[in-house]
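Notes follow the structure.
The values are calculated or read from the model by the stated rules, or taken from the named source; none is laboratory data. What you are looking at is a predicted structure, and each value in this text was computed from that prediction instead of being measured. Every residue, glycine as well, gets a Cβ built from its backbone with ideal geometry; the counts of neighbours run over all protein chains shown. Please note that ligands, DNA and RNA were not included when accessible areas were found on the heavy atoms of the full protein model with its side chains. Shrake-Rupley method; radii C 1.70, N 1.55, O 1.52, S 1.80 Å.
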Amino acid sequence: MPKYSIVVPVHNEQENVTDLYDRLKAVMETSGQSFEIVLVDDGSSDKTFYLLREIAAVDSRVIVVRLRRNFGQTSALAAGFDHARGEYIIAMDGDLQHDPADIPLFLEKINEGYDIVSGWRSRRVDNFWLRRLPSRCANWLMAKLSGVDIHDFGTTFKAYRREILEQVPLYGELHRFIPALASWHGATICEVPIRNVNRERGTSHYGISRTFRVFFDLITIRFLLRYLSRPLHFFGTLGMMSILAGSGVTVWLLVEKFLRNAGIMATHGPLMICAAVLLLAGFNMLAVGLLGEMQVRHYHQPARRAPYSVERVLRTQSEEQGVPE
């Protein structure tokens with residue numbers, strides 16, 4: 001079994017994959033440790049897979065995982081993690097904006113005993129208004145909401161201890177929140193500064209819309225970190241507040257009706273409807289919390305379904321799996 005696995009998701013990177021492989025191989029061979037390179041083709045429509053297949057045919061240390069369509073970066077990373085066999089796993093982008101020459105920095109820290117080593121693009125070179133400013137705001141908010149004090153959640157360039165990844169399910173856009181999710185399990189985390197260079201070849205797949213999706217994921221992360229094992233504390237609190245408010249309004253309406261002989265329907269009709277809605281909403285929130293508590297009982301034995309579909313896996317030419325072309 002290799003000591004290190006380098007997991008790289010790629011999508012339409014035919015201009016970069018050969019150079020990426022050459023540079024990864026050169027860096028890892030100098031480490032003197034066993035390694036493998038797991039390249040995940042996330043539904044590329046160009047010649048990326050054919051180049052990857054040629055690489056895997058000449059180097060048995062290369063594993064190629066081809067997904068049936070473009071599932072997104074998180075799912076591609078999940079596929080790579082599932083097929084990686086190394087004791088330590090390093091994830092990075094395939095567009096060469098992550099410099100393979102920085103990998104020894106991660107290996108040094110992971111060998112010091114850290115569970116996660118996160119890259120920090122301390123000097124970014126991309127557009128300030130479209131990339132740097134939104135990223136800075138998002139990273140600050142992520143750090144505050146998650147309680148994990150790192151500067152750069154957005155970069156894929158990270159090193160993990162295998163057992164930590166096995167405890168963190170990946171779906172949606174959660175790959176950037178792995179440190180936050182792993183912190184719930186007590187993982188130790190540190191940062192290393194990495195180089196950030198402009199893409200030399202190919203087209204970027206990221207845009208400003210990606211930043212907005214991150215904020216929705218932040219709500220999910222905040223909830224998972226605080227209420228994953230006690231959902232009734234969240235839904236029950238909201239439910240009881242709603243019930244108490246509805247009960248208070250109801251009591252006041254009853255006092256108006258029986259002690260002051262006020263016409264409730266004529267005078268306070270909308271308020272009576274509001275009280276009924278508050279009571280019903282409160283009981284519904286309590287019911288949702290109880291259902292959540294029942295689901296928690298199955299949390300430690302989840303039926304984990306992979307968020308991707310693999311067409312084939314190439315480890316060597318003789319080990320090709322899947323449907324032939």
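Numbers for the structure displayed
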| item | result |
| --- | --- |
| Extension gain (nm, one decimal) between Glu256 and Asn284, 0.36 nm per residue minus Cα-Cα | 7.3 nm |
| Degrees between helix 17-31 axis and first principal axis of the chain (Cα, 0 to 90, nearest 10) | 80 |
| Computed [θ] at 222 nm, deg cm²/dmol, the chain (DSSP H ≥ 4; -39,500 (n - 2.57); rounded to nearest 500) | -15000 deg cm²/dmol |
| Table column - 3J(HN,Hα) (Hz), the range 224-233, Karplus curve with 6.51, -1.76, 1.60, x for Gly and Pro | 4, 5, 9, 10, 4, 9, 8, x, 5, 5 |
| Residues Ser229 and Lys47, FRET efficiency given R0 of 56 Å [Cβ-Cβ distance, rounded to 0.05] | 0.75 |
| Label-to-label distance, nm, for residues given as Val58 and Lys144 (7 Å Cα→Cβ offset) | 5.2 |
| Met294-Leu238 FRET efficiency (beta carbon distance; Förster radius 25 Å; 0.05 resolution) | 0.85 |
| Accessible heavy-atom area order of Tyr88, Tyr50, Tyr227, highest first, probe of 1.4 Å | Tyr50, Tyr227, Tyr88 |
| Rh by Kirkwood over Cα pairs, then Stokes-Einstein D for the range 46-157 at 0.692 mPa s and 37 °C, µm²/s | 199 |
| Share of carbon and sulfur in the accessible heavy-atom surface of the range 1-141 [1.4 Å probe, %] | 49 |
| Pairs of lysines in the chain (C-alpha under 23 Å apart; 8 or more residues apart or interchain) | 8 |
| Acute angle (nearest 10 degrees) that the helix 48-58 long axis makes with the longest principal axis of the chain, alpha-carbon atoms | 50 |
| For the chain, accessible area per residue (1.4 Å probe, heavy atoms of protein chains only), Å² | 52 |
| Most mobile listed residue (Met240, Met294, Met265) in the chain, GNM with C-alpha springs under 10 Å | Met265 |
| Of (1) 24.0, 86; (2) 19.1, 65; (3) 25.4, 91, the label for Rg and Dmax of the Cα atoms in Å derived from the coordinates | (3) |
| In degrees, nearest ten, helix 133-146 long axis to first principal axis of the chain (Cα) | 60 |
| Highest-fluctuation residue, Asn261, Asn284, Asn16 considered, GNM on the chain with Cα pairs under 10 Å | Asn261 |
| Long-range amide H partners of Val40 with built H, under 5 Å | Val8, Val10, Val65 |
| Antiparallel DSSP beta bridges within the chain, as percent of all bridges there, nearest 5 | 40 |
